[in-house]
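No lab work stands behind these numbers, since they all come straight from the coordinates. Keep in mind the model is a prediction, meaning the values are calculated, not measured. Counting neighbours? That spans all protein chains shown, and the Cβs are built from the backbone with ideal geometry, glycine included.
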């Protein structure tokens, strides 16, 4: 999913607290979104856009992640 929608994102640089935040948000998205086309993962990344920009998320990545 990451390679397809946001290849420049460097998740290996996230802190433990940031990883925990992503996983917590992901668990919420599992309840709210169906798994088709990575909707759960994409929604998690979009919700955490501000944090992930520090790790390479670009405007192009956000556009690719968006459901529109």
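In the range 27-45, what count of residues is obtained for those that are under 14 Å from residue 2 (Cα atoms) and surrounded by 16 or more Cβ atoms within 10 Å (Cβ to Cβ)?
Within the range 27-45, residues that are under 14 Å from residue 2 (Cα atoms) and surrounded by 16 or more Cβ atoms within 10 Å (Cβ to Cβ) number 7.
Given the residues 63, 44, which is the only one that is free of Cβ contacts under 8 Å to residues at least 60 places away in the same chain and either out of contact with any helix residue (DSSP H, G or I) (no Cβ under 8 Å at 6 or more places or on another chain) or outside any helix (DSSP H, G or I) (or both)? First the steps, then the outcome.
Working: 44 fails: either out of contact with any helix residue (DSSP H, G or I) (no Cβ under 8 Å at 6 or more places or on another chain) or outside any helix (DSSP H, G or I) (or both).
When all the criteria are applied, what remains is 63.
What do you reckon, is residue 50 surrounded by fewer than 13 Cβ atoms within 10 Å (Cβ to Cβ), in a helix (DSSP H, G or I) and more than 11 Å from the chain's Cα centre (by Cα)?
No; evaluated as a whole, the condition is false for this residue.
Give the number of residues within the range 22-41 that are out of contact with any helix residue (DSSP H, G or I) (no Cβ under 7 Å at 6 or more places or on another chain) and not in a helix (DSSP H, G or I).
Total meeting the criteria: 2.
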